Amino acid sequence: AADAKNDNTDPLVSQVLYNNMSFELRNFRDQFPQQVEVFITNPQGVSIASTNRTSDYYQGDEEWWQTAYKQGLYIGQPEYDESSGIMAVIMALPIRENNTGSILGILRTTINFATLSDSLVAGRFGETGRTILYLPGGQMISLAAGEGDKLQVVNEAAPDILQSLTGSNAPYLTLDLDGVPTLTGQAKVQVPGLSTEAEAITQLNWRMITQQDEQEALEAVTAQTRYNLIVALVVIIASALAAFGLARVITNPIVQLKSVAARVASGDLTAEAKVTTRDEVGTLATTFNAMTSQLRNLVGSLEQRVADRTHDLELASEVGRAVTEKVADMDDMLTSAAEMIRTRFGLYYTQVYLTDSNGSLLLLSAGTGEVGEALLKRGHHLTIDYNSLNGRAALEKKPVIVADTLKSSFFKPNPLLPKTRSEMAVPLISANRILGVLDMQAEESGTLSEANLPAFEALAGQLAIAIQNARLFAETEQARAEVESQARRLTRTGWSDYLNAIQKPEQTGYIYDQNQIVPMTEAEQSVPSAAGMLSAPIEVSGEPIGSFQVELEQEKRTVQTRELVQSVVRQVARQVENLRLLEMAERYRVEAENITRRLTHEGWDVFQKRSNTTSGYVFDLNQVKPLSDSGTGGLQGALIHPLAVRDEIIGEIHVDDVHHNDDDGELIEAVSRQLSAHIENIRLSDLNEKRAREMETVADLSATTSTVLDPDKLLQSVVDRTKESFGVYHAHIYLTDDKAKILILTAGAGETGQKMVAETHSIAMNAEKSLVARAVRERSAVIVNDVRADPGFLPNPLLPETRSEMAVPMIIGDRVLGVFDVQADVTGYFTDEDASIFSTLASQVAVALQNAKLFDETQLRSQELSALNQIITTASQTLDLNTILETVLGKVLSTINFSAGLISLFNQATGILELAAISNMPAPLENRFRTKGFGGTLCAYVADTKQSLSIGDLELGGPVDVRGLISNGFRSYLGAPIISKGHILGTLCLFNSNPQEISSALLLLVESMAGQLGIAIENALLYAEQSATVTQLRELDRLKSSFLANMS
């Protein structure tokens, strides 16, 4: 309706005609007036910018729009254009986004076909020679006389006879046009190659036709037939060549531009397209040249950046090589490294921090110049937290860069370094462990930036390896020194034990004669050394043990003689040491026999206590009876002979024989030896059977515990079976609480044990008066066979009969999980073998307990993954954004058991982080987030850094002020950015009222939930956008219908 009324003030028309894009299009049309009309549509086909008022503002249903959108280029047939009112050709192509190639819109231009008049005029020759552009559908473009005999381009129907020519594909024919024989030639308009443009021009199916009256063409050959034929042939060939040449005139500029594009594609960025016209091809050539110029500039700057980067890496490699050569002295290495980095890279100041043994402090280890010396003297150090650049770099394990200190909010100036304008702190990491921080400062802003970060990261990696190597070198040197010191100490202790003034005098001597070592007599040792003796120290493992003296005349003391003496001294040292070792071995053999006798005595003592064996037996020539049943305490006139095992008396044998002789004594001695061996074998057999039963019990318990996945049931089963199978007075198990530094009673045998568990009985790990706590500290079994005589025993009123106790730590890897404690009601009950058996059982229980805990953790992970799957399912079932946010937030809180949470999203119009969903948040905090936004909060920090953040205890501080959260009852925080397709949409922030250790698995789970939430939000926003687009298209369709109705 607006077009019919010639009304440009219509809102719909003015919105399209009067915007910045439309002004640019009109400027383009003014520069290239053959472009009669140019306009742009959006991807839905609606006009958004135009040079002229168009007859139709929805173009999506037009053939040219559909072809350009699907095939990438449209060139139409010449026809009358309603919008411009002229004979024109329509061309259209898509406008694409640079990075993704997605279609942003369609550009259409209407080209005045009158621009071809010059080409058609050039195609006129002779009196009747002319050129025609034949179009599909029986139309042709030709020149006709207009007003004042001025030639003008006309479009009219082609004669049927021309259609027969184009249908034959013959290069030339003689046709009868209006009764006049006419020579006619034809050629297709096409562009060589397989490009989209060449294919589009070929599909136009245009043909150039040249015509000339036969009489004019043949008038020069009427005199002679042969000449006539030659002339006719020349004319026909000329006509064909003219048609072909005209086609080339149209396509040559495009072919030339394609050739230049091929050179650029092959790497020749100096190639430029010649601009010979001001038409579309000329514009394309100009644009192409501009693009080539930008490529040249880009490649040039890229080569410079690569050169700078290569130079920085070479400097880093040079510094790294120099540093690795000084690993023997850590301080010198770090000092040299700091100075080399400063000088090679032209920096203002460089320093190196190393972490302390606890990993909580950064200790300054090297610094350049007088400032570095001053800071080192006062023991400068930093805490590993967010209050400094170096602390932040160590805490986050990633570089921190301040390109301009004047514009940084978290840079803290040092009065000793007033000229610092840019700073970079790079963590020194080896095997994922922080060793320290390399800190560099420059006097100009921008000197330290992301551009040269790779070089400094490579340098930091080499420095970290050098530091690690230096520490390993120092440790190796220390270990070598300790080994040598230990060898000297052992030698010194060995000789001190050997010459103990009991078995050997405190001083002794040997005579070396003819390769033999003979001990000196006391008389020889008392003779003083002769004057002028040549003396040399005797050393074993570097420890001096004596001196070697030899009678040698002064004139014979040559260098060769001294070397010979040294060789003899070394040989003497080895022989003397061997003599000592042989004698010590003999001493140890005697001591071993004594120990064997003691063990035999202790073994029989334990055997009698455990088995309640009778004190003796008597044989009355009829049967063997216990001695207590015989009614006599001994035999009158008996022969008595001891029963001994390994020289240890274990009993006596009494024989009632008043009339005995010497042979009877020998017989009794032989019988006693056999009887002693038999009794010992019986004891050992009983002991082995007992151990076998105990090991069988251990194996049975191991098999049972491997099938129980409930930790409480597992431990209760172990203590009950232990008390029953091993016959102990009591058994119970304590588990460690590393945070509270206590041992908690978790399982106890019988009613007494269950009562103690119900009372939540616990013991401090540092308790001195506790065998259980001592076992944890010493990480080994503790045995007390008489608790009443041990000051470290902790009595329990519920276990009054305890007389012996053994506490065995349950260890897996390097961690103590708890203590297995057993008690007996007799003294001397437990042995080292019992400790070995119970250590095996404790290890297996520890493994089973660990497996049960891992099973619980696996079940928990399974529940978390199930919750994540539910979140994905919920997000896929609805496209309403509010419903998605509220449902997901509730599911996240219930899954990870946090107190409160919120979801914030960026406002797409303002770019400000705004509250989108909230749950269980205290009213003051909720009001603060709704009214004042998220500036200076942990949520904003996560959004700015695009990194997840976990704080197990807010009391320890954070990257921003967290006092407001603490005052509202929160003690821990977990936040993750919501990211989709590389763009951050907002944050997922969770709060808990208790401090807790946030594991990497939990952090990964929340990040996965945030990722799925990002996908769901993106889908909901796209759905809302599409809904709005559909609504807009429906409104445009309604306007179109209304417009057509008004037109009709």
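The values are calculated or read from the model by the stated rules, or taken from the named source; none is laboratory data. Keep in mind that this is a model prediction, so the values were computed, not measured. Counting neighbours? That spans all protein chains shown, and the Cβs are built from the backbone with ideal geometry, glycine included.
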Q) Of these, K412, K407, which one is within 27 Å of A374 (Cβ to Cβ) and more than 27 Å from the chain's Cα centre (by Cα)? A) K412
Q.
Checking the condition buried (at least 20 other Cβ atoms within 10 Å of the Cβ) and small (G, A, S), which residue from G975, G935, G969 passes?
A. G975
Q) Is one or more of the residues making up the stretch 820-842 surrounded by 20 or more Cβ atoms within 10 Å (Cβ to Cβ) and part of a loop (DSSP other than H, G, I, E, B)? A) yes
Q: Could you tell me whether the stretch 360-371 includes any residue that is over 20 Å from F473 (Cβ atoms), assigned by TED's automatic domain parsing to the domain that holds F410 and in a loop (DSSP other than H, G, I, E, B)?
A: yes
Q: Scan the strands (runs of 3 or more DSSP E) fully inside the stretch 1-94 and keep the ones with 3 or more residues being modelled with pLDDT under 80.
A: 79-81
Q. Applying the selection to the stretch 905-957, what residues are over 27 Å from T383 (Cβ atoms) and of a type in the set (S, T, Y)?
A. T910, S919, T931
Q.
I'm trying to understand the selection: among the residues of the stretch 341-353, which are of a type outside the set (K, R), more than 18 Å from G436 (Cα to Cα) and in a helix (DSSP H, G or I)?
A. T343
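Yes/no per residue for (1) farther than 29 Å from S948 by Cα; (2) of a type in the set (G, A, S); (3) out of contact with any Phe, Trp or Tyr (no Cβ under 7 Å at 6 or more places or on another chain); (4) not in a loop (DSSP other than H, G, I, E, B):
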| site | (1), (2), (3), (4) |
| --- | --- |
| G964 | no, yes, yes, yes |
| L1002 | no, no, yes, yes |
| Q1012 | no, no, yes, yes |
| I1015 | no, no, yes, yes |
| E1018 | no, no, yes, yes |
| A1028 | yes, yes, yes, yes |
Q: Hey, can you tell me all the residues within the stretch 715-731 that are in a helix (DSSP H, G or I), surrounded by fewer than 23 Cβ atoms within 10 Å (Cβ to Cβ) and not hydroxyl-bearing (S, T, Y)?
A: Q716, D720, R721, K723, E724, F726
Q.
Of the conditions (1) surrounded by 17 or more Cβ atoms within 10 Å (Cβ to Cβ); (2) modelled with pLDDT of 75 or more, A852 satisfies every one except a single condition; which number is it?
A. (2)
Q. Among the candidates S102, S117, which residue alone is more than 21 Å from V16 (Cα to Cα), modelled with pLDDT of 85 or more and surrounded by fewer than 18 Cβ atoms within 10 Å (Cβ to Cβ)?
A. S102
Q) Residues of the stretch 781-803 being more than 12 Å from V826 (Cα to Cα) and among the aliphatic types (A, V, I, L, M), which ones? A) A781, V782, I783, A789, L794, L798, L799
Q.
When the residues of the stretch 1003-1025 are narrowed to those that are without any contact (Cβ under 8 Å) to a residue 40 or more places away in the chain and under 19 Å from A909 (Cβ atoms), which ends up farthest from the chain's Cα centre (by Cα)?
A. E1025
Q. With respect to the numbered conditions (1) farther than 30 Å from L938 by Cα; (2) modelled with pLDDT of 85 or more; (3) touching a Gly at 6+ places or on another chain (Cβ under 8 Å), which one is the sole condition not fulfilled by S904?
A. (1)
Q: Identify, from the list E475, E457, E484, the residue that is under 30 Å from A573 (Cα atoms), assigned to a helix (DSSP H, G or I) and of a type in the set (D, E).
A: E484
**Q.** Number of positions in the stretch 537-578 that are among the β-branched types (V, I, T) and loosely packed, with under 11 Cβ neighbours inside 10 Å
**A.** 2
Q) Within the stretch 400-418, can you find the residues that are without any contact (Cβ under 8 Å) to a residue 60 or more places away in the chain and in a loop (DSSP other than H, G, I, E, B)? A) A403, D404, S408, S409, F410, F411, K412, P413, N414, P415, L416, P418
**Q.** Qualifying residue in the stretch 521-535 (condition: in a loop (DSSP other than H, G, I, E, B), assigned by TED's automatic domain parsing to the domain that holds Q549, at pLDDT below 80 and under 21 Å from L582 (Cβ atoms))
**A.** yes
(Q) Looking at Q186 and the list (1) at pLDDT below 75; (2) assigned to a strand (DSSP E or B); (3) of a type outside the set (A, V, I, L, M), which single condition is not satisfied? (A) (1)
Q.
Please go through the stretch 266-285 and give me each residue that is assigned to a helix (DSSP H, G or I), out of contact with any helix residue (DSSP H, G or I) (no Cβ under 6 Å at 6 or more places or on another chain) and at pLDDT 70 or above, ordered by number.
A. G282, T283, L284
Q | Residue ID - nearest to L798 (Cα to Cα), chosen from residues in the stretch 738-760 that are of a type outside the set (A, V, I, L, M, F, W, C) and assigned to a loop (DSSP other than H, G, I, E, B) | A | E759
Q.
For the stretch 911-930, check the following and say yes or no: at least one residue is hydroxyl-bearing (S, T, Y), touching a Phe, Trp or Tyr at 6+ places or on another chain (Cβ under 7 Å) and buried (at least 16 other Cβ atoms within 10 Å of the Cβ).
A. no
